[in-house]
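Shown next, in structure tokens, is the structure this report addresses.
Nothing in this text is a laboratory measurement; each read-out follows from the coordinates by a stated rule. What you see is a predicted model, and the numbers here were worked out from it, not measured in a lab. As a convention, Cβ positions derive from the backbone with ideal geometry for all residues, glycine included, and neighbour counts pool all protein chains shown.
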Amino acid sequence: MSGSPPLDPDRRGAPAAPFGRGGARLYEAIGYLAGAVLAAMTVAVFVQVVLRYIGHAGVDGLDEAPRYLFVWLVMLGAAAAMYRGEHTALEYFRDRWSPRAQALIRVVTEGAGIALFLTLIWTSLVLVPNAQLQTSAGLGLPLGYVFAAVPVGAVLIILPMAWNLARAIRALWPRRS
Amino acid sequence: MAETLLIVFVIFILLGTPIGIALGIGTLAAALVFPVLNPIIIPTRFVGLLSDSFLILAAPLFILAGNVAARGGVARAIIDLATVLVGRFRGGLAYVNILDSMIFGGISGSAVADVSALGTFLIPQMVRKGYDKDFATAITVSTAVMAPIVPPSIVAVVYAWMADESVAAIFAGGYLPGLLIGIGMAVPTFVIARRRNYPREPAPTLPVLLVALRNALPAIMIPVIIMGGILLGWFTPTEAAAVAVVYALLVPPLFYKEFRWREMPGILADSARLSGVIGLIIGLVGAFGWVLTYSKFPFRVAEFIGTFAPTWWLFLIFVIVLYVGLGTFLTPSEIILVTVPVLLPGAVAIGIHPIHFGMVCVIASALGHVTPPVGLCLFVGMAISGLPMDKLLRPLLPFIGAIIVVLLLVAFVPETVLLVPRLLGFVK
């Protein structure tokens, strides 16, 4: 599918499987969960079409459900893709550098990426409780449940990035034998 | 503000950060320098962009529809049909390769799905019949660019959503360019097939032709339902995508018996991860768009275009060069998401029709699918054939050349895009 191949253990100081077998299982489960969300979206949209064609005015909020589920799909799917290294990136120039410089670049890029997702979590601490006070027009759903996808997904995205960061830092100071 | 964001964005892209995250880091950097940009805008716009529009849901649903169709025996039925239609000419399987990509592009909307679904059958089959492996791989990889051009197309949905244009119009605008690219690819195929004396497939008898047609009907109905439904106004594009998923799950498996339900969780998870990759960028484009609007950057770009490239065709040449360059390391959806908000106001200001502009953007960025260093289709083709990249570069050249010629034709003759949507009444 899209993106760079899974991280290679021999290159760029990044392991193939962050957090070992448990991590692999967890992120596979997250991928399946995201798949279930996508299935639910498909069913919601399809049911809407069917209802319209059998003359039903439509169920309240059925158009809202797939839109809100999409936010969860993106955050969970992006986390599962992050674990597998599937987010498209330009590795061509980074790979030209020496192993140590590559490790340094990784420290900078993973560090900045983690800062971004920490910001998303930090701002969500204000945003989610506020959104919880509002309800959606159709379903009457407190919007906090939608906004909560951002911090939850951000934590799941940060974990593999933090693992990569730790590996890169270790690669910066190779142990003397 | 926009400059700070873009400079940091480009630096992080060059350092190997995924594009969506680089965009977010750029926004964060701009927020550090300019306090007026509160970082809370990032998650607010993120959720807003993803949940406000019913239309953008078409992207994950078309990804799913393509992945389901790719594993359900649809690919084989289409290859069989194309074989009886064009296999009898010299180098017949190469024409089959072109035609089935056009038809399959009408189902999947994703070039990568096209290469993996069709390439796994066609490349070994061509090699067995005496075609050179590098030629077979190169033509399979390059014909896949038709998938995002022939409707339905995930990239076109993303463009229509960004540009606030009708999806039906841009979908309809893809038919003629898709056909032209198919014809363009047939030219080098004709020359190479004669020079290397590639084989022909036996000419079909009428009963064989009818059987192939009947077998392909459940597959061919997928594009008919999607596009018929959208063009006739029965479904919105998002609904059409959901209907296509349900149809591809229920009908073709009855006929082809290749689909296994236990594969379904894997197909859903694959589609969900790809949706996550694209969706993360869509969401993070939100705050980027806010910065662009706030700093009036697109208007400055439009002014710059007015002096630097005062005529529409000069501007399109600039866009094509930019997109083909970006396309060598970004996917078409990513390029469109990042550049359309910056460039579209300028394009419209010098009189380029947004549908025409969109199709030029789609073709130019799709070209990047086949060019190194990170052409995604190229990687899939390499994986299927086992050939290294350097072995494929020369055989790819004539096909890349054909795409470029058609791209220039489409850029300079707007009617190649606008004729069909105009006839259908989507464009005045």
Cα-based helix-to-principal-axis angle, B:111-128 vs chain B, degrees rounded to 10: 30
Among B:Ala136, B:Leu249, B:Ala186, the residue whose Cα sits farthest towards the positive end of the charge dipole of the protein assembly as shown, when +1 is placed on the Cβ of each Lys and Arg and -1 on the Cβ of each Asp and Glu, is B:Ala136
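When the dipole is taken about the Cα centre of the protein assembly as shown, and only Lys, Arg (+1) and Asp, Glu (-1) are charged at their Cβ, what size is it in debye, to the nearest 20? Walk me through the numbers on the way to the answer.
Details: 38 positive and 28 negative charges, 328 e Å.
The calculated dipole for the protein assembly as shown is roughly 1580 debye.
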In degrees, nearest 10, the alpha-carbon axis of helix B:206-231 is tilted away from the dominant principal axis of the alpha carbons of chain B by 20
Structure-based [θ]222 nm, chain B - -39500 (n - 2.57) summed over DSSP H runs of at least 4, per residue, nearest 500: -25500 deg cm²/dmol
Shielding by partners - mean other protein chain Cβ count within 10 Å, residues of A:77-86: 6
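Can you classify the range B:153-263 as rounded, prolate or oblate using the Cα gyration tensor, where a ≥ b ≥ c are the square roots of its eigenvalues, rounded means a/c under 1.5, and otherwise it's prolate if a/b beats b/c and oblate if not? Working shown, then result.
Values: a/c = 2.35, a/b = 1.26, b/c = 1.86.
It comes out oblate by the Cα gyration axes.
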Most packed first (mean Cβ within 10 Å per residue), the peptides B:409-415, B:275-281 order as B:275-281, B:409-415
Say we join alpha carbon atoms closer than 10 Å with springs in a Gaussian network model of chain B; which of B:Met146, B:Met359, B:Met221 then has the biggest fluctuation? B:Met221
Between the range B:258-300 and the range B:384-407, how far is it from one alpha carbon centroid to the other, in angstrom? 28
With N residues in chain B, Rg(alpha-carbon) / (2.2 N^0.38 Å) equals 0.98
Relative contact order as a percentage, chain B, C-alpha pairs under 8 Å and 6+ apart, gives 25
Among B:Pro202, B:Pro253, B:Pro177, the residue with the largest mean-square fluctuation in a Gaussian network model of chain B built from Cα contacts under 10 Å is B:Pro202
Peptide A:116-124: average number of partner chain Cβ atoms within 10 Å per residue? 6
Given a Förster distance of 35 angstrom, what is the FRET efficiency for B:Leu424 paired with B:Phe299, based on the Cβ-Cβ distance and rounded to 0.05? 0.60
Determine the distance separating the Cα centre of the range A:137-177 from the Cα centre of the range A:103-136; give it in Å without decimals. 9
Cα gyration tensor of the range B:1-62, axes a ≥ b ≥ c as square roots of the eigenvalues: rounded (a/c below 1.5), prolate (a/b > b/c) or oblate? oblate
Looking at the range A:35-135 from every direction and averaging, what is the projected area of its Cα convex hull in nm²? 9.4
What percent do you get for the relative contact order of the range B:364-417 when only Cα pairs under 8 Å and 6+ apart count? 24
The ³J(HN,Hα) series, computed from each phi in the range B:97-102 with the Karplus coefficients 6.51, -1.76 and 1.60 at θ = phi - 60°, rounded to the nearest Hz and given as x for glycine or proline, is 4, 5, 5, 5, 5, 5
Which lysines have a Cα less than 21 Å from the Cα of B:Lys129, not counting those fewer than 8 places away in the same chain? B:Lys391
Per residue of B:49-57, count partner chain C-beta atoms within 10 Å of its C-beta, then hand back the mean as an integer. 5
Furthest towards positive pole of dipole, B:Val319, B:Ser385, A:Leu51, structure part the protein assembly as shown, Cβ charges: B:Ser385
Highest average packing first - B:288-297, A:131-140, B:179-188, B:111-120, Cβ atoms within 10 Å: B:111-120, B:179-188, B:288-297, A:131-140
Using only Cα atoms, find the angle between the long axis of helix B:332-349 and the longest principal axis of chain B, and express it within 0 to 90 degrees, rounded to the nearest 10. 60
Rounded if a/c is under 1.5, else prolate if a/b is larger than b/c, else oblate: which is the protein assembly as shown, with a ≥ b ≥ c the root eigenvalues of its Cα gyration tensor? rounded
Formal net charge of residues neighbouring A:Ser136 (Cβ-Cβ distance under 15 Å; K, R +1; D, E -1): -3
Could you run the Debye sum over the Cα atoms of chain A, one equal point scatterer each and no solvent, and tell me log10 of I(q)/I(0) at q = 0.09, 0.10, 0.15, 0.20 Å⁻¹, two decimals? -0.43, -0.51, -0.92, -1.30
